[in-house]
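Visitor: Quick one: the structure is below, questions incoming.
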Amino acid sequence: MARREIGGATHGFDREEAVAAALRAFWSRGFDGVSVDDLTATMGISRPTLYAVFGGKEELFRRALDHYERKEATFYREALAAPTARGVAEMLLRGALGLFTGAATPPGCLYVTHLVARGAEADAIRAELIARARTGETALRQRFERAAREGDLKPGVDPAGLAAMLMGLVQGMAVQASSGATRSAMKRMVKTALVAWPSAERIGPIGNAIHRKAGGS
């Protein structure tokens with residue numbers, strides 16, 4: 001493996017792989033449940049290297065969170081680009097289902113695990129998680145506001161309330177997955193949510209164009 005100069009010192013390890021290993025530890029055991037010694041053993045590095053390269057446990061968690069968003073939870077960004085509001089919901093819910101119940105990843109959601117955690121160490125990173133979650137919900141609300149303007153939602157549907165409901169459902173799915181809910185049970189939940197989705201009859205050129213792009217008849 002190629003050696004890299006980091007912070008004036010030579011460290012012969014792959015930072016991306018090390019952060020991915022730390023992510024799995026945080027995801028499965030929680031911030032409070034993982035010590036610095038646990039992290040160095042998992043990542044295959046020494047304590048001095050961890051502090052020299054990552055700045056400490058909190059900063060490493062932030063790096064792991066960035067990795068999670070960039071590599072694991074890609075479905076969220078992809079969902080926002082769906083051509084219809086229902087498509088956004090479907091991609092978000094099915095993507096969450098796949099991630100939270102995947103065989104290759106710990107059950108549940110890294111975000112939700114730490115949003116509901118209690119502990120002196122967890123308090124240090126909860127504020128950032130809340131801020132990131134709010135940013136995500138804001139992006140979802142703005143997408144539904146656009147859908148309302150385009151006639152892609154029933155008249156009177158509140159985009160902010162719809163975004164909050166969908167985020168709450170995703171968070172609930174994460175808790176259920178962490179609690180041992182079966183994939184089949186969660187699939188039924190997703191199916192029911194989509195059946196109840198407040199889609200509108202698409203009237204006019206904008207709505208019809210959206211429907212055609214989404215593959216509707």
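Values quoted throughout were computed directly from the atomic coordinates according to the rules given, and no laboratory measurement underlies them. Keep in mind that this is a model prediction, so the values were computed, not measured. Ideal geometry is used to build each Cβ from the backbone, glycine not excepted, and the neighbour counts take in all protein chains shown.
Visitor: Between ALA164 and HIS67, what is the FRET efficiency for a Förster distance of 22 Å, r being their Cβ-Cβ separation, to the nearest 0.05?
Guide: Efficiency at R0 = 22 Å is approximately 0.25.
Visitor: Now, a different point. Report the FRET efficiency, 1/(1 + (r/R0)^6), for SER28 and GLN142, where r is their Cβ-Cβ distance and R0 is 25 Å, rounded to 0.05.
Guide: Plugging the Cβ-Cβ distance into 1/(1 + (r/R0)^6) gives 0.15.
Visitor: Based on the mean of other beta carbon atoms within 10 Å per residue, what is the order of 183-192, 22-31, 66-75, 145-154, most packed first?
Guide: Output ranking for 183-192, 22-31, 66-75, 145-154: 22-31, 145-154, 66-75, 183-192.
Visitor: Using the basic label-point model (7 angstrom from Cα toward the beta carbon), what is the SER184 to ALA104 distance in nanometres?
Guide: With each label point 7 Å from Cα toward Cβ, the separation is 2.5 nm.
Visitor: Which three numbers, in whole Å and largest first, are the semi-axes of the equivalent ellipsoid of the stretch 13-68 derived from its Cα gyration tensor as √(5λ)?
Guide: 14, 12, 10
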